[in-house]
Amino acid sequence: MLSQKSKNFQELILNSRAHKECNLPFVLYQKPNEKLVKGIFSLNSSINYTSSFSEEGFVFSPFDDDKAILLTSDETSEVPYERKETRQRTTIIPFEENKTEHLQLVNKAIATIKKGVLKKVVVSRKIEVETKKNEFVLFQDLLDTYPNALKYLWFHPKVGMWIGATPETLLKIEKESFNTTSLAGTLPVVESESPVWTKKEIEEQQLVTDYILAKVSKKLIDVKTTPATTIKAGKLWHLKSTITGALKKEIGLDEIIKTIHPTPAICGVPKEASKKFLLTNEGYDREFYTGFLGEINLGSVSQSHLFVNLRCMKLMDKKATIFIGGGITKESDAEKEWNETQHKSKTMLNLL
């Protein structure tokens, strides 16, 4: 018997377990710097898609598809969650397999950029590891560890289980108010040291900002952007700018999503040429990694808040598939780019 409402976090987890055992879709999530954990539960196992984004619910969209999976709110719960102090974790030594292949991919990307075909492209790789850790324990670990990210656990019996903690907003719309972020550049956090950004990271982040501004300026009124600032996401530093404005009356949610996604922060510049390079050369299907997810048309003011699906894992048969990538420009060095993906992989590996 599935419960109709969860009164606390423990009941929310029990309800989620029951849905999984009954092969029914659900998503648990907590938005950045919020205390409430929300659950949306579907009462049938069919896959519902949206391309209009006019419905109410939670969407989960792949990197390379114009259809997003939609979970409608047949049953919803909101419960408070108090973060627990996380213990010092043993630092995992990242995996070295497939290094040669990734270096070759990065060097091919650099060569393509130097030919003038691309300005930037974001190449990625995946690693598979065994895990004995329960997905609900992993989700609670994310809640305790990453307050500034969207933490989520998403399940559909016809698709699988995904989990992640992403710091990057794709867009936020409340009435006509529009907000998006330009996030690029990565450095590992070193205790008691401030990050020192190189020309490569600064130019990479500016490319993302300029491209998004050029795309959204025709859809918005009163466009503004903030200077790039340093933010911390777990054990990594990033450069971030915020872009705001008001949506023109004739612009719908579907149009603005198609305008922005995939952003240069997860694909490249120019978008179509970068996407073609990735689909031809990466050698694997990203699936929902670097897609997007989040609420659409929910609440009294019909708010939509979508996030880029970074720092994520696919869980299946006691194996976790972890996805990591990095932005390549003409200033890139293949060995340094490999090391950056190694640092990024620790976010998920340390949880396992």
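Scan region 122-137 for residues that are more than 15 Å from residue 284 (Cα to Cα), open to solvent by less than 40 Å² (accessible area, probe 1.4 Å) and not charged (D, E, K, R) and the total you get is 3.
Restricting 119, 38 to residues that are in contact with a strand residue (DSSP E or B) (Cβ under 6 Å, 6 or more places away or on another chain), surrounded by 14 or more Cβ atoms within 10 Å (Cβ to Cβ) and over 26 Å from residue 285 (Cα atoms) narrows the list to 38. Of the listed requirements (1) open to solvent by 50 Å² or more (accessible area, probe 1.4 Å); (2) in contact with a Cys (Cβ under 8 Å, 6 or more places away or on another chain); (3) of a type in the set (Val, Ile, Thr), residue 166 misses just one: (1).
Quick grid of which residues meet (1) more than 27 Å from residue 286 (Cβ to Cβ); (2) touching a strand residue (DSSP E or B) at 6+ places or on another chain (Cβ under 7 Å); (3) surrounded by 21 or more Cβ atoms within 10 Å (Cβ to Cβ):
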site: 11; (1), (2), (3): yes, no, no
site: 18; (1), (2), (3): yes, no, no
site: 21; (1), (2), (3): yes, no, no
site: 25; (1), (2), (3): no, yes, yes
site: 29; (1), (2), (3): no, yes, yes
site: 32; (1), (2), (3): no, yes, no
site: 45; (1), (2), (3): no, no, no
site: 61; (1), (2), (3): no, yes, yes
site: 66; (1), (2), (3): no, no, no
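None of 12, 24 is closer than 19 Å to residue 156 by Cβ and part of a loop (DSSP other than H, G, I, E, B) except 24. Scanning region 298-334 for residues being among the polar types (S, T, N, Q), outside any loop (DSSP other than H, G, I, E, B) and either buried (at least 24 other Cβ atoms within 10 Å of the Cβ) or modelled with pLDDT of 95 or more (or both) gives a total of 2.
Do you know which residues across region 185-226 are more than 29 Å from residue 302 (Cα to Cα), open to solvent by less than 60 Å² (accessible area, probe 1.4 Å) and either charged (D, E, K, R) or within 22 Å of the chain's Cα centre (by Cα) (or both)? Of everything in region 185-226, those that are more than 29 Å from residue 302 (Cα to Cα), open to solvent by less than 60 Å² (accessible area, probe 1.4 Å) and either charged (D, E, K, R) or within 22 Å of the chain's Cα centre (by Cα) (or both) turn out to be 185, 186, 187, 188, 189, 200, 201, 204, 205, 207. All of (1) more than 15 Å from residue 310 (Cβ to Cβ); (2) touching a helix residue (DSSP H, G or I) at 6+ places or on another chain (Cβ under 6 Å) hold for residue 159 with one exception: (2).
Here residue 172 fulfils each of the conditions (1) more than 18 Å from the chain's Cα centre (by Cα); (2) open to solvent by 20 Å² or more (accessible area, probe 1.4 Å); (3) at pLDDT 95 or above apart from (1). Of the numbered criteria (1) over 21 Å from residue 135 (Cβ atoms); (2) part of a loop (DSSP other than H, G, I, E, B); (3) of a type in the set (Asp, Glu), the one residue 287 fails is (1). In region 76-102, of all residues being assigned to a strand (DSSP E or B) and in contact with a helix residue (DSSP H, G or I) (Cβ under 8 Å, 6 or more places away or on another chain), the one that is modelled with the lowest pLDDT corresponds to 77. Of 258, 249, 240, all but one fail to be open to solvent by 40 Å² or more (accessible area, probe 1.4 Å), under 16 Å from residue 66 (Cα atoms) and of a type outside the set (Asp, Glu); the exception is 258. Restricting attention to region 150-163 and to residues that are open to solvent by 10 Å² or more (accessible area, probe 1.4 Å) and in contact with a Ser or Thr (Cβ under 9 Å, 6 or more places away or on another chain), the residue that is nearest to residue 14 (Cα to Cα) turns out to be 155. Once region 265-281 is narrowed to residues that are of a type in the set (D, E, K, R) and buried (at least 16 other Cβ atoms within 10 Å of the Cβ), the residue that is modelled with the lowest pLDDT is 271. Check region 276-288 and report whether any residue there is of a type in the set (Gly, Ala, Ser) and touching a strand residue (DSSP E or B) at 6+ places or on another chain (Cβ under 6 Å). No; the residues of region 276-288 include none that is of a type in the set (Gly, Ala, Ser) and touching a strand residue (DSSP E or B) at 6+ places or on another chain (Cβ under 6 Å).
The values are calculated or read from the model by the stated rules, or taken from the named source; none is laboratory data. Worth saying up front: this structure is predicted, and the values here are computed from it rather than measured. In this analysis, Cβ positions are derived from the backbone assuming ideal geometry, glycine residues included, and neighbour counts consider all displayed protein chains. Areas reflect the complete protein model, heavy atoms only, side chains present, ligands, DNA and RNA absent. Shrake-Rupley method; radii C 1.70, N 1.55, O 1.52, S 1.80 Å.
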